Amino acid sequence: MSTTGPEIELDPTAADQVTDPAVLGGNELVADTLGEYLTAQWKRIKGGESGALPVIIGLIIIVAIFQTQNSHFLSSGNLVNLIEQSGIFVLLGMAEVFVLLLGEIDLSVGYVAGVGAAITGELATTPHNVNWFLAVLAGLAACAAIGLIQGLLITRLGLPSFVVTLGGLLGWQGFVLWLIQKDKNAPGGSIPVTSNVLNDIVNGSMSVTAGWIVMVLAVAAFALLTLNQTRRRRAAGLVTPPLSLTAIKIALVAIAGVVVMLICSRNRGLGLITLKGAPWIAPLLVVVLVIYSLLLGRMRFGRYIYAIGGNAEAARRAGISLNTIRLLAFVLCSFTAGVAGMVYLSFQGSMSADIPGGDFVLYAVAAAVIGGVSLFGGRGRMSGALIGGVVLATIFNGMGLIQIGAAGQDMVIALVLLAAVTVDAIARRGRSAT
Amino acid sequence: MVAEASTGARSTDRAPVPLLRLTGIGKHFGPVQALRDVNLEIYPGEVLALVGDNGAGKSTMIKTISGIWSPDGGEISWEGNRVHIRSPRDAAALGIATMYQDLALCDNLDIVQNMFLGRETVRHGFLNEESMETAARKTLTDLSVTTVRSIRQPVGSLSGGQRQAVAVARAVLEDAKLVIMDEPTAALGVSQTAMVLNLVKSLAERGVAVLLISHNLVDVFSVADHIAALYLGHVAGTYLASELDTQRAVELITTGALAGSGQPGAGKD
């Protein structure tokens, strides 16, 4: 179909046309100083583009309240506990982000995680005794396959994701139960985790030195990437954020890394036992977050997910294959639920049929929504699930510490969730009003 | 599909070959004859306004050109060669960009992201934001779009006219040769309308042919080089804009003929 030959020259990007940066600056928001940038940022927040700031402020307030009620809250032992508890919420939340961004939902993530954990747990112990790596691979592959089946039903048959995954919620629960009941080697309906590697995902720690090295490398990589991006934008004559802001960003990440490592490096063992170093779950979460953030923010796949969530018809007219992208999103969602399943397996030290898969779905959606992911599709980031998951874990952990039971915890979580959804809905109304 | 290319399109005179020529196009839906024996030519760098009352066949016509409906009979030629436009994809491959009233933009994506949607520049598997932003900015500047605050703001925060500008810029980035605009000023205020009409002029200056569908004769007379009037599915006449005034245009639209006129299309050269 392509036309070649001496055409009329229409190419606006033709190299021989001179670009004058001075002229082009006219239609830009030029923020040369930090002050101007903050003013622009404040306008954004008022316009419904609040980002993560309100949640982080909320988290700080929650932490302050818990610390005044129980001074043990900010001890290194409890904070490492908190990181370990966050893992499942964060991963399930990340799984949900893929489909929430499309304006869809996946109610099955809890029990899909269960299926992954059950398969891996079963394979890694007697009588199969499969190598831990292969067992994990099999569990994750099973979860991805579940995503494929559910995704095909949703995209090819046009069934609503709510109903398909509601079926998944029930069906995969049954599957987990069946698998565990079938296992004659599971004492008391519980598959023990005998692999040290699997146990160590949550319960084991890196050595303190290794932890510091990994942290420094990670911060250095972040700084290099950020500075490189700024440099390339400047080279292309584009507006760049003020250097002071970039410096502050890098400094904040570095401080966060140092604080986490300081907490993890202190001996949190009781009595004679020495226990220190960052739990393996911490770098795992960072790696998954970085990969998924790149996928959503820097690659075509992610761009198309946002486009479909924003305006599916526009995406279709732009030539995007809606079904392919949707299908991939459901596969990634279930796969990530599988990763959460591995963490659950490690956290529990065993796998039984009473995995709270129903609660997990609600926490997954809650983590994403608290982290600023819109239920209406098209808005939110992967890092939102991290923040939201940490908020959930903090509330559970802190309320447990100040002796408030499950009843109170659930009610508080409900209020936080309602607050987050209200912010989302108001922001949405604010946007449509403009 | 098209081997031959037109030459000399940039000269002040019309190109020897029209970009798009419809000959004897007909289209019926059941017993309703929506289009009959429609003849129309549009040349590069020219704004052709298509006017007509409700139900005159304007929508059917642009949908035929943009590949949504196939004509029952007649011939479409593109740059002198006969073509069959069977789908919107065919139309896009030829270089026809159709902008419907809803514009089909993603409100949650920013201007650059919308302009490049589906055609992103990629480097080592990652989106090349720098090159896209540079190209987007250049296109907008070339189109004299200077009212947007930031090229990185979400399209949902833009005014109606600015959204039109993004859609037009998208068409320019696609290297569209023919841009069809369906009532682009229908929902706009005075200054926004002026901005969109300027965009139409810039497009024509770049050598792009513009087919403008509009009810607003003031807009039509301010930008159109030629005016084609549809009346009951038939082209009642194609005139130089200077040959008509509002009153005569209304007469054409409502009666399908000019009282005491000569041959329709006279004096086109």
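Of everything listed in (1) more than 19 Å from residue B:198 (Cβ to Cβ); (2) at pLDDT 90 or above, the single unmet condition for residue B:136 is (1). Suppose we filter segment B:106-136 for residues that are among the aromatic types (Phe, Trp, Tyr) and either part of a loop (DSSP other than H, G, I, E, B) or open to solvent by less than 10 Å² (accessible area, probe 1.4 Å) (or both); how many remain? So the answer is 1. Under the condition of being within 14 Å of another protein chain (Cβ to nearest Cβ) and either assigned to a strand (DSSP E or B) or modelled with pLDDT under 85 (or both), the residues counted in segment B:3-41 number 13. Filtering segment B:90-99 to residues that are touching a helix residue (DSSP H, G or I) at 6+ places or on another chain (Cβ under 9 Å) and either open to solvent by 30 Å² or more (accessible area, probe 1.4 Å) or facing chain A (nearest Cβ under 8 Å) (or both) leaves only B:98.
The condition (being open to solvent by less than 20 Å² (accessible area, probe 1.4 Å), polar (S, T, N, Q) and within 24 Å of residue A:309 (Cα to Cα)) is satisfied by just one residue among B:153, B:162: B:153. Select, from A:102, A:79, A:92, A:107, the only residue that is away from chain B (no Cβ under 14 Å), assigned to a loop (DSSP other than H, G, I, E, B) and either touching a strand residue (DSSP E or B) at 6+ places or on another chain (Cβ under 6 Å) or at pLDDT 90 or above (or both). Every option except A:107 fails the conditions. Here residue B:137 passes the criteria (1) in contact (Cβ under 8 Å) with a residue 40 or more places away in the chain; (2) at the interface with another protein chain (Cβ under 9 Å from one of its Cβ atoms) except the one numbered (1). Filter segment A:257-310 down to residues that are under 13 Å from the mean Cα position of the chain (by Cα) and of a type in the set (Val, Ile, Thr) and give me whichever is nearest to residue A:84 (Cα to Cα). Ranking the qualifying residues of segment A:257-310, first place goes to A:286.
Whether any residue in segment A:182-190 is open to solvent by 40 Å² or more (accessible area, probe 1.4 Å), out of contact with any helix residue (DSSP H, G or I) (no Cβ under 7 Å at 6 or more places or on another chain) and within 27 Å of residue A:107 (Cα to Cα) is what I want to check. Yes, segment A:182-190 contains a residue that is open to solvent by 40 Å² or more (accessible area, probe 1.4 Å), out of contact with any helix residue (DSSP H, G or I) (no Cβ under 7 Å at 6 or more places or on another chain) and within 27 Å of residue A:107 (Cα to Cα). Would you confirm whether or not segment B:81-89 contains a residue that is surrounded by 20 or more Cβ atoms within 10 Å (Cβ to Cβ) and either at the interface with chain A (Cβ under 10 Å from one of its Cβ atoms) or at pLDDT 95 or above (or both)? No: zero hits.
Could you check, for segment A:29-50, whether at least one of its residues is at pLDDT 90 or above and open to solvent by less than 30 Å² (accessible area, probe 1.4 Å)? Checked segment A:29-50: no residue is at pLDDT 90 or above and open to solvent by less than 30 Å² (accessible area, probe 1.4 Å). Annotation: residue B:204 fulfils all but one of (1) within 11 Å of another protein chain (Cβ to nearest Cβ); (2) under 14 Å from the mean Cα position of the chain (by Cα); the unmet one is (1). Would you check if there is a residue in segment B:155-172 being assigned to a loop (DSSP other than H, G, I, E, B), within 24 Å of residue A:317 (Cα to Cα) and small (Gly, Ala, Ser)? Yes, there is a match, as at least one residue in segment B:155-172 is assigned to a loop (DSSP other than H, G, I, E, B), within 24 Å of residue A:317 (Cα to Cα) and small (Gly, Ala, Ser). Summed over segment B:208-238, residues that are surrounded by 19 or more Cβ atoms within 10 Å (Cβ to Cβ) and either within 14 Å of chain A (Cβ to nearest Cβ) or touching a helix residue (DSSP H, G or I) at 6+ places or on another chain (Cβ under 8 Å) (or both) total 20. Against the definition (buried (at least 24 other Cβ atoms within 10 Å of the Cβ) and part of a helix (DSSP H, G or I)), how does residue A:139 come out, yes or no? Yes.
Residues in segment B:174-203 that are assigned to a helix (DSSP H, G or I) and open to solvent by 30 Å² or more (accessible area, probe 1.4 Å): 7 in all. Here residue A:322 passes the criteria (1) open to solvent by 20 Å² or more (accessible area, probe 1.4 Å); (2) free of Cβ contacts under 8 Å to residues at least 12 places away in the same chain except the one numbered (2).
State whether one or more residues within segment B:147-167 are under 14 Å from the mean Cα position of the chain (by Cα) and within 14 Å of chain A (Cβ to nearest Cβ). Yes, because at least one residue in segment B:147-167 is under 14 Å from the mean Cα position of the chain (by Cα) and within 14 Å of chain A (Cβ to nearest Cβ).
A search for C-beta distances below 7 Å between a residue of segment A:70-88 that is without any contact (Cβ under 8 Å) to a residue 40 or more places away in the chain and any residue that is open to solvent by 30 Å² or more (accessible area, probe 1.4 Å) and part of a helix (DSSP H, G or I), counting only pairs 6+ apart in sequence or on different chains, returns A:74/A:67. Evaluated against (1) open to solvent by 60 Å² or more (accessible area, probe 1.4 Å); (2) in contact with an Asp or Glu (Cβ under 8 Å, 6 or more places away or on another chain); (3) farther than 19 Å from residue A:317 by Cα, residue B:59 falls short on exactly one condition, (3).
Results for (1) farther than 29 Å from residue A:187 by Cα; (2) modelled with pLDDT under 90; (3) not hydroxyl-bearing (Ser, Thr, Tyr), shown as yes or no for each residue.
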{"residue": "A:341", "(1), (2), (3)": "no, no, yes"}
{"residue": "A:372", "(1), (2), (3)": "yes, yes, yes"}
{"residue": "A:384", "(1), (2), (3)": "yes, no, yes"}
{"residue": "A:391", "(1), (2), (3)": "yes, no, yes"}
{"residue": "A:403", "(1), (2), (3)": "yes, yes, yes"}
{"residue": "A:411", "(1), (2), (3)": "yes, yes, yes"}
{"residue": "A:414", "(1), (2), (3)": "yes, yes, yes"}
{"residue": "A:417", "(1), (2), (3)": "yes, yes, yes"}
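Residue A:294 falls short on exactly one of the conditions (1) of a type in the set (A, V, I, L, M); (2) crowded, with 17+ Cβ neighbours inside 10 Å; (3) under 26 Å from residue A:145 (Cα atoms), and that condition is (2).
Being of a type outside the set (Gly, Ala, Ser), assigned to a helix (DSSP H, G or I) and either crowded, with 21+ Cβ neighbours inside 10 Å or more than 7 Å from chain A (Cβ to nearest Cβ) (or both) is a property that residue B:103 lacks.
Within the option set A:345, A:386, being under 13 Å from the mean Cα position of the chain (by Cα), under 30 Å from residue A:175 (Cα atoms) and touching a residue at least 12 places away in the same chain (Cβ under 8 Å) holds for one residue only, A:386.
Number of residues in segment A:191-214 that are outside any helix (DSSP H, G or I) and open to solvent by less than 60 Å² (accessible area, probe 1.4 Å) equals 7.
Conditions tested, residue by residue: (1) farther than 15 Å from residue A:101 by Cα; (2) at the interface with chain B (Cβ under 10 Å from one of its Cβ atoms).
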| site | (1), (2) |
| --- | --- |
| A:285 | yes, no |
| A:290 | yes, no |
| A:307 | no, yes |
| A:314 | yes, yes |
| A:317 | yes, yes |
| A:325 | no, no |
| A:331 | no, no |
| A:337 | yes, no |
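The values are calculated or read from the model by the stated rules, or taken from the named source; none is laboratory data. For clarity, every value in this text was computed on a predicted model and none was experimentally measured. Virtual Cβ from ideal backbone geometry, glycine too; neighbours counted across all protein chains shown. Note: areas computed on protein heavy atoms with side chains; ligands, DNA, RNA excluded. Shrake-Rupley method; radii C 1.70, N 1.55, O 1.52, S 1.80 Å.
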